[in-house]
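As structure tokens, the structure follows; a few thoughts come after it.
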Amino acid sequence: MKRRLGFLCLCLGFVLHALAQCTVPTSEFQLEGDYLIGGLFDIHQTRILKLQFDFLILFSCCSFSVLSQPFFLSHYRMFQLMRFSVEEINNSTNLLPNVSLGYEIFDHCSDTQSFPGILKLFLANGMIQPWGEPHEQHTHKSKVIAVVGPFSSTHTLTVAPLFMADLIPMVTYGSSSSVFSKKAKFPSFLRTVHPSTESIEVIFNIVQHFNWRWIAFLNSDNDYGIDGRELFIKRIKDTEICLAYTKGLNDNPDYPQIFKQIETQRIYIIIVFTPEMIAEALIESAIQLNITNKVWIAGESWSLNKRLPKTQGIKNIGTVIGVSQPVVTIPGFNDFIYASKSQNNCLNAEQNMFCNQVCNCSSVSAEDVLAADPSFSFPVYSAVYAIAHALHNTMQCGSGRCDGNIKVYPYIVLTELKKSNFTLLNQNIQFDENGDPKYGSYSIVFWNHSGDAQEIGFYELYPRVNFLINNSKIQWYMNGEVPTSVCSPECPVGHAKKYDRIHKCCFTCEICPNGTHVNSTVDPYKCIQCKKTEWSAEGSTSCSLRVVEYIPFTDSGAIVNMVLACVLVGITAAMSVLFAINYNTPIVRSAGGPMCFLILGCLSLSSISVFFYFDKPTTSFCILRFLPFVLFYNVCLACFVVRSFQIVCIFKIAAKFPKLQTWWLKYHGNWLVITVAFGTQALLLLISYSFDPPKPYNETVWYPDKIILSCTLNLAAFSGSILLLLSLCSLCFIFSYMGKDLPKNYNEAKAITFCLLLLILTWIIFATVVMLYRGKYIEILNALAVLSSLYSFLLWYFLPKCYIIIFQPHKNTKQYFQGIIQDYTKTMSQ
């Protein structure tokens, strides 16, 4: 408690000392005139020292000697620019004729220690006017009509509310924090420097231009730096840029630890968004700690620093690229500085001023001022001229005179300021609705090996955005090659990224498998499935249309199959005619008699299926591909079951089961079995077709680059029909095998057995091929399997009989057949 009371008493003593005792003779900080402009410049910086027992010692602007405080030459140059601008306006016959401008300038060396001077700026006759009364009713005007400055955003946030309350225009030349664009909080705030939003946009474009992805952002731990960091984080959202490391730099940062973390994460691009003093300390620490091979992106506050580029060891830290205010040559300023420094200022001891209105800068030469960082020279110059033009319009100046009867209030000047539209050094000075400038551009500079900030590009804001960097002017630390900064190297073509850490820039690469592709511009983290009509090889970036394949009617394989089918029909027709002519002969009767014509007819009808295995499949094609063969071949098998049963019955079963033969003959068992088999198969096909008929099917699994047009067959739905065929085939084989020892020359059963073996072998071969191959030629093989099934009976059962009829007619007699049967009977009885 005692420490806190001591601290408060100490601070109160300093404030009272500043208000009551600390006065010095006048200096360059004051000029009398008809209307006064306030000025706030950070020429010095108050020191804060931390001593034992955690006591803080705050040196005011008046403590000890002014020279004991850090001195900013660049800010002193800005201060002189305001003085020059006012003098130039007073010497002008066009702007504010017969009206003189004066100024009251303060060295804004501290947020807390500068209040006495700031209070003086808007006191009316030593009193603060109450807020809430109409401005016209005020009997006393504010001392100043407007204020230029201060420079930093933190200083501006501290003092702005005092000026906003009375709508005193505040035109700052360096406060770029985006918060000042909110007119509800800062109604009388304007600026001649672009908000941080624009400078961050330039930095973002530089990073993107060189394709840097892994970035560190070091900012001052104040309103300016924190605002810049938040704007940068917002800007890189939804981009490929990652903020790998960020740190707010306070008064006593741990530089070794900061650089250690940057090195650990392999970050090579460092954005430094800080005031000049903090940036100088950072770069000097980097030199001392031997930090090498980095790209430093400087903010506009220190990119044109005159001392750092010439510091020993600066080349070792890497490459420095910066965003800066464009350097504008202001005519007459050099002469003003030389003239000002050559005069011996005569101090007026009768006038007492505040201690922060003295510089004691006699040791600073004109050359020092002119060689200082010129970054914000034009913003100061244009700020003063904007106020002068607003006053000019307020007083309705024209024809060499201004109307002196018009009462000038700050809020009226504010209204005219917002409507500014004049040309100054080829720049059209205007403000938007937020008080931000509607003119200007940024320069992009590079610290070359000569120790100069060389312009290598620009970022124009008006009338339209235009961004350019001349890469050839940059001397990279990597022997001319642009440095890279990534967490993970880019994936090879056809590889998708897979998140590896919390940052999207850190990932592993996985190749996209067949049937997928990666579109890096849309979603580099996902392998996208191709459409069913498309395909892609492994590691593809796009899908290609699959080749659609089927067997047209004009294919040589299709023609061969159709010719074979036509030949089969012709052979069956010829055999039918031959059997009809020799109908009553023993060979025809033994082959089945009238049943031969049914078998031959069904074989011909079954061959219809072959024609529907070709061309583009349709639903009708798919139905007719299976229906004729299954239905009519079923009848053929039923006929051979009956025929093989009859052969066995004649020679073996009739003697043992005479009643069975009698019943068979009486009820025409052969035709009854055939009819039942046909009816059952027809019913099963009707049910299966109603449940799930064959339909066109695109085979896309076997060949990724092809679509094979085929027909699908639901084996579950057609299981009944298939089982019936297998059953008939089995019965036929059993009965025919039972007759394997029948008479050698009466070998019906052996012929049927051989035909069945060919049939079974054909479909086993086809099933094996289907398991190994699903190309378009499978349709040709299927048609061949069908034809093989038909030709097996035609060639191995009917053709031998035709041969006997034509070439061995002596074997086609009753006597020959009776002799064979008698010989078989004798053999069996022995």
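For segment 270-350, the equivalent ellipsoid built from the Cα gyration tensor has semi-axes of 35, 16, 12 Å, listed from largest to smallest. Here the peptides 223-233, 204-214 are ranked by packing, the mean other Cβ count within 10 Å, and the order with the highest first is 223-233, 204-214. Taking other residues whose beta carbon is less than 10 angstrom from the beta carbon of residue 543, and scoring Lys, Arg as +1 and Asp, Glu as -1, yields +1. Listed from fewest to most Cβ neighbours within 10 Å, the set 280, 201 follows the order 280, 201. Each Cα pair under 8 Å and six or more residues apart adds its sequence gap; the mean of these over the residue count of segment 495-545 is a relative contact order of 34 percent. Taken along its three principal axes, the alpha carbon spread of segment 556-825 comes to 68, 39, 29 Å, from the longest extent down to the shortest. Each semi-axis of the equivalent ellipsoid for segment 599-648 is √(5λ) with λ an eigenvalue of the Cα gyration tensor; in descending order they amount to 29, 9, 6 Å.
The charge dipole of segment 495-545, taken about its Cα centre with unit charges on the Cβ atoms of Lys, Arg (+1), Asp and Glu (-1) only, comes to about 160 debye.
From least to most packed, judged by other beta carbons within 10 angstrom and beginning with the fewest, 245, 381, 525 follow the order 525, 245, 381.
Filter the cross-link list 185/418; 498/532; 315/473; 750/801; 182/419 down to pairs whose alpha-carbon distance in this structure exceeds 24 Å. 498/532, as the Cα separations exceed 24 Å there.
Annotation for residue 577 and residue 563: the two label points, set 7 Å from Cα along the Cα-Cβ direction, are 2.2 nm apart. The charge dipole of segment 416-575, taken about its Cα centre with unit charges on the Cβ atoms of Lys, Arg (+1), Asp and Glu (-1) only, comes to about 320 debye. Peptides 154-163, 583-592, 77-86 ranked from most to least packed, by the mean per-residue count of other Cβ atoms within 10 Å: 77-86, 154-163, 583-592. If you take all other residues with their beta carbon under 11 Å from the beta carbon of residue 714, and give Lys and Arg +1 and Asp and Glu -1, the sum is 0. The slack between residue 519 and residue 769, meaning 0.36 nm per residue of separation minus the straight C-alpha distance, is 86.1 nm.
Of all aspartates and glutamates in the structure, those lying under 18 Å Cα to Cα from residue 526, and not within fewer than 8 positions of it along the same chain, are 238, 240, 490, 500, 510, 534, 538.
Dipole size of segment 556-825 about its Cα centre, with +1 on Lys/Arg Cβ and -1 on Asp/Glu Cβ: approximately 700 debye, rounded to the nearest 20. With only Cα atoms counted, segment 369-435 has Rg and Dmax values of 14.1, 44 Å. Within segment 748-797, the ratio Rg/Rh, alpha carbon atoms throughout and Rh by Kirkwood, equals 1.07. Going from the fewest other Cβ atoms within 10 Å to the most, the residues 604, 181 appear in the order 181, 604. What the Cα convex hull of segment 495-545 gives, in volume per residue, is 60 Å³. Tell me which of 720, 613, 669 sits at the most positive position along the dipole axis of segment 556-825, charges placed on C-beta atoms (Lys, Arg +1; Asp, Glu -1). The Cα lying farthest towards the positive end belongs to 669.
Just so you know, all these numbers are worked out from the coordinates, no wet-lab data involved. Being a predicted model, the structure only gives us computed values, none of them experimental. Virtual Cβ from ideal backbone geometry, glycine too; neighbours counted across all protein chains shown.
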